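Enquirer: Here it is, the structure, as structure tokens.
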Amino acid sequence: MYFGPHGEIMKLIVNTQAGWMALWNNTHIPWLSGAKYGAGSQMWRPYEITVNGTEGFMWNVTIPLGLGTGFVFGLTPYAAYDDRVVGISWNYSLVIVWGLSLKRGEEGRLIFKNTWTPPAEWGNSMMVIHYVGQTNDWRDGVIALFAKEERKFYGFSTEDGRFLWSTESEHYLNAWGWGPVEHSWYFAYGRLYSTGVSGILYCYDLKTGKTLWTYKAVDPYNEYLFNTNWWMWICFITDGKVYMGYAEHSPMDPKPRGGPFICVDAMTGDEIWRADGMFMQSRWGGRAIIGDSIMATLDHYDSCLYAVGKGPSMVTVEVPTVAVPLGSSLLIRGSVLDVSPGTKDPKIALRFPKGVPAVADENMSDWMRYVYKQFPLDPMAKIDGVWVAFEAIDPEGNYVNIGGTIT
């Protein structure tokens with residue numbers, strides 16, 4: 001399913017075995033305006049109304065046979081682009097990548113069909129071959145498969161279907177975990193990102209399949225049973241960053257301490273921030289999501305929902321209210337407080353009756369753990385506040401910087 005140019009819901013159906021392709025459009029079913037049912041004409045009134053959904057098909061065309069194989073798992077995956085649909089079929093002896101036209105008047109025309117012979121090891125070892133996905137644009141795009149026991153990705157072109165590359169084998173632990181549910185992979189920024197049971201985030205170049213960098217989510221307590229790294233899932237990728245969290249398959253009690261949530265630079269693999277024990281992810285609770293620059297997630301440790309983002313601050317300033325003689329010193333006092341909605345929770349407000357101080361970005365993870373999770377602060381750690389700049393107005397009305405301080 002995808003959205004059309006005007007927001008309509010589109011569903012493309014490709015049947016490679018029977019040789020047909022059809023496009024369904026929700027705006028092609030009967031118009032259910034309120035005028036038909038005694039309401040305003042601009043209203044949508046489908047309540048208790050039965051409609052024939054088959055009338056939503058815009059077209060149904062014949063396509064060439066032979067695009068499918070004796071496929072190992074389920075149906076042939078495919079994805080629609082602006083002017084084409086690209087799909088892939090495979091078994092242990094053959095991979096077929098094909099493209100069909102979606103251009104008006106040319107629907108169903110074969111653009112390309114390319115075949116590739118996979119390594120004999122696929123069949124000799126009865127490997128599980130997963131469909132990975134496709135890039136959002138077919139131009140210089142990639143459609144990929146993952147050989148589970150090999151821990152390798154195989155990339156094919158969405159322009160003409162030719163085989164492009166295979167990656168190096170990932171850590172042996174990534175042979176465990178079921179497909180994209182427990183071993184997550186995503187395309188973004190001309191790269192493929194992958195992580196799983198190994199706790200290692202891999203970044204691959206989509207042009208070459210080469211490994212650009214790796215990041216290890218190390219467990220400092222070494223109490224996680226499967227590994228010295230945390231089992232990780234990619235939750236989402238946005239704004240040049242990869243966000244991932246500790247993933248559980250079967251809950252262990254007592255739960256291992258410090259399951260991390262980590263933000264990594266998508267270009268370099270550098271850690272931007274990491275919060276241990278804050279937002280444990282889970283299969284049953286779903287992964288963290290983001291919208292309007294606010295992340296929402298369930299924490300598996302306490303089963304509470306959290307919203308995380310840039311919150312509002314409140315600045316207070318106290319200065320002398322009387323004239324100060326020229327050349328004399330004066331004292332400026334004030335505070336910068338975090339007034340995000342979470343600080344109004346009685347559990348937080350009672351612990352911080354004078355408000356929650358705002359802190360520097362580099363100390364945010366430790367501070368949020370202390371405020372919201374009651375983790376102790378490291379007595380040797382230095383928690384900085386935020387930088388406050390002071391400006392005065394001279395006799396001519398110009399702003400003059402007179403210094404600043406950290407709260």
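Enquirer: Consider Val324 carefully, then state whether it is farther than 16 Å from Phe261 by Cβ, touching a strand residue (DSSP E or B) at 6+ places or on another chain (Cβ under 9 Å) and among the aliphatic types (A, V, I, L, M).
Expert: no
Enquirer: Another question, if that's okay. Only one of Glu159, Glu170 is at pLDDT 95 or above, within 27 Å of the chain's Cα centre (by Cα) and within 27 Å of Arg283 (Cα to Cα). Can you tell me which?
Expert: None of the other options fit; the residue is Glu170.
Enquirer: Quickly run through the stretch 346-382 and pick out the residues that are part of a loop (DSSP other than H, G, I, E, B) and within 25 Å of Glu271 (Cβ to Cβ).
Expert: Ala358, Val359, Ala360, Gln374, Phe375, Pro376, Leu377, Asp378, Pro379, Met380, Ala381, Lys382
Enquirer: Does Ile332 satisfy the condition of being loosely packed, with under 15 Cβ neighbours inside 10 Å, in contact with a Cys (Cβ under 8 Å, 6 or more places away or on another chain), touching a residue at least 24 places away in the same chain (Cβ under 8 Å) and of a type in the set (Val, Ile, Thr)?
Expert: Answer is no for this residue.
Enquirer: Considering (1) more than 22 Å from Phe146 (Cα to Cα); (2) hydroxyl-bearing (Ser, Thr, Tyr); (3) in contact (Cβ under 8 Å) with a residue 60 or more places away in the chain, say which one Tyr221 fails and leave the rest.
Expert: Result: Tyr221 fails condition (3) only.
Enquirer: From Ser329, Ser293, Ser335, which residue is outside the structural domain of Val388 (by TED's automatic domain parsing) and more than 30 Å from Pro251 (Cβ to Cβ)?
Expert: Ser293
Enquirer: Just the residues that are in a strand (DSSP E or B) and without any contact (Cβ under 8 Å) to a residue 24 or more places away in the chain, please, taken from the stretch 309-324.
Expert: Result: Thr316, Val317, Glu318.
Enquirer: On the given criteria, is Asp302 surrounded by fewer than 16 Cβ atoms within 10 Å (Cβ to Cβ) and at pLDDT 90 or above?
Expert: yes
Enquirer: Could you figure out which of (1) without any contact (Cβ under 8 Å) to a residue 40 or more places away in the chain; (2) small (Gly, Ala, Ser); (3) on the phi < 0 side of the Ramachandran plot isn't true of Gly99?
Expert: (1)
Enquirer: Return the residues of the stretch 234-259 that are at pLDDT 95 or above and within 17 Å of Leu298 (Cβ to Cβ); say none if nothing qualifies.
Expert: Of everything in the stretch 234-259, those that are at pLDDT 95 or above and within 17 Å of Leu298 (Cβ to Cβ) turn out to be Ile234, Cys235, Phe236, Tyr243, Met244, Gly245.
Enquirer: Please go through (1) more than 26 Å from Asn136 (Cα to Cα); (2) of a type in the set (Val, Ile, Thr); (3) within 17 Å of the chain's Cα centre (by Cα) for Thr238 and return the number of the only condition it doesn't satisfy.
Expert: (1)
Enquirer: Within the stretch 240-286, how many residues are surrounded by fewer than 19 Cβ atoms within 10 Å (Cβ to Cβ), charged (D, E, K, R) and farther than 26 Å from Leu377 by Cα?
Expert: Number satisfying all stated conditions: 3.
Enquirer: Quick one: which strands (runs of 3 or more DSSP E) sit completely within the stretch 247-306 and have at least 3 residues that are closer than 18 Å to Gly199 by Cβ and touching a strand residue (DSSP E or B) at 6+ places or on another chain (Cβ under 7 Å)?
Expert: 260-265, 271-276
Enquirer: In this structure, is Gly311 in contact with a strand residue (DSSP E or B) (Cβ under 7 Å, 6 or more places away or on another chain), of a type outside the set (Ser, Thr, Tyr) and either farther than 26 Å from Asp276 by Cβ or surrounded by 11 or more Cβ atoms within 10 Å (Cβ to Cβ) (or both)?
Expert: yes
The values are calculated or read from the model by the stated rules, or taken from the named source; none is laboratory data. All values reported here derive from a predicted model rather than from experimental measurement. For neighbour counting, all protein chains shown are included, and Cβ atoms are generated from backbone atoms with ideal geometry for every residue, glycine included.
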